[in-house]
1. Would you mind telling me which numbered condition in (1) closer than 17 Å to Cys160 by Cα; (2) surrounded by fewer than 21 Cβ atoms within 10 Å (Cβ to Cβ); (3) within 15 Å of the chain's Cα centre (by Cα) Ile267 fails?
2. Could you tell me whether Ile275 is hydrophobic (A, V, I, L, M, F, W, C), under 25 Å from Thr117 (Cα atoms) and assigned by TED's automatic domain parsing to the domain that holds Arg14?
3. In the range 270-280, what count of residues is obtained for those that are within 11 Å of the ligand (Cβ to nearest atom) and open to solvent by 10 Å² or more (accessible area, probe 1.4 Å)?
4. Among residues belonging to the range 233-250 that are within 13 Å of the ligand (Cβ to nearest atom) and in contact with a Leu (Cβ under 7 Å, 6 or more places away or on another chain), point out the one that is least open to solvent (accessible area, probe 1.4 Å).
5. Yes or no: the range 177-188 includes at least one residue that is touching a residue at least 60 places away in the same chain (Cβ under 8 Å) and of a type outside the set (Gly, Ala, Ser).
6. Across the range 251-264, which residue is nearest to Leu215 (Cα to Cα) among those that are open to solvent by 30 Å² or more (accessible area, probe 1.4 Å) and polar (S, T, N, Q)?
7. What's the number of the condition Ile56 fails, among (1) of a type in the set (Val, Ile, Thr); (2) more than 18 Å from Val268 (Cβ to Cβ); (3) buried (at least 24 other Cβ atoms within 10 Å of the Cβ)?
8. State yes or no: is Asn304 at pLDDT below 95, outside the structural domain of Asn144 (by TED's automatic domain parsing) and either open to solvent by 60 Å² or more (accessible area, probe 1.4 Å) or more than 15 Å from the ligand (Cβ to nearest atom) (or both)?
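The values are calculated or read from the model by the stated rules, or taken from the named source; none is laboratory data. In this text, all values refer to a predicted model and were calculated from it rather than measured experimentally. Here Cβ is always computed from backbone atoms with ideal geometry, including for glycine, and neighbour counts include all displayed protein chains. Side chains are part of the model used for accessible areas, which takes the heavy atoms of the whole protein and leaves out ligands, DNA and RNA. Shrake-Rupley method; radii C 1.70, N 1.55, O 1.52, S 1.80 Å.
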Amino acid sequence: MRNFEEVIKFAKERGPKTISVACAQDKEVLMAVEMARKEGIANAILVGDLEKIKDIANEINIDLNNYELIEEKDLALACKKAVELVSTKKAHMVMKGLVDTSIILKAVLDKEIGLRTGNVLSHVAVFDLPGYNRLFFVTDAAMNLDPDLQTKKQIIENACQIAHALDINEPKVAVICAKEKVNPKMPDTVDAKELEKMNQRGEIKGCIVGGPFALDNAVSVEAAKHKGINHPVAGMADILLAPDIEAGNILYKSMVFFGNSKNAGVIVGAKAPVILTSRADNEETKLNSIALGVLTAAKINDNN
Ligand SMILES: CCCC(=O)OP(=O)(O)O
């Protein structure tokens, strides 16, 4: 798939799935959920402050009779309830509404009602950027603070799972750093080279990994040529692995706010997808993320 029109089209074919929305009292979230319902992509159970949900629904003409509603004003309890709906199989996936990422992640990681599998959980953002004829994947903007080498390996594997769900069979993974040369004083460049070697040894499968790359020579063939870099990933990256959450989150938000991109986001590695965007993302991003969640859930289902 090369753009979100194709992602939405395939999600319609694999839907509808049921999502539980944690803290659904948000206009953009409700608009996205309503579009997803009308398109046959997903139905939703709305968990949150029902008074606020009803006010917003009135304002934007959404008929709440089409939804199951669960009252829970407390943000942490609403997240727990929404996650529990997935672990008890009443919903296929959970979606972050108007709530801080750390609160919903705490519920997702809860030992009793959470969605842990033993795998590393990581966030994968998908971008459709003007001027590029392919989707870009950025990881991890939201979950792993300062991943070590083994965690980075699993973050790559999680991102590849999403790329494969979008029919990108052998994605090119660029491990991005501040520069394209290994410098022992910059441990992320050392990790990048080690991840490339792990891929060459067959320890990371289903993709081609290269690194370290600076962002320019990861995404621009001209920049790579200019700097004399010759590597199958150079300028051709599909997946950009950021060194830590600071770089990942800043890259995510710069693409959104400066790059005029379309995007979507989901957490992978749990028993079910967690649809996770920024609270500040628009309704189109939230709809794209629901579609991405549906395709991810379908892929998890196909693999089991
Ligand atoms: C994927 C971005 C996660 C994030 O930064 O969320 P908020 O902007 O809602 O804090």
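1. For Ile267, the failing item is (2).
2. Considered against the rule, which asks whether it is hydrophobic (A, V, I, L, M, F, W, C), under 25 Å from Thr117 (Cα atoms) and assigned by TED's automatic domain parsing to the domain that holds Arg14, Ile275 comes out as yes.
3. 3
4. So the residue we want is Ala242.
5. Yes, the range 177-188 has at least one match.
6. Out of the qualifying residues, it is Ser254.
7. Condition not satisfied by Ile56: (3).
8. Yes; evaluated as a whole, the condition is true for this residue.
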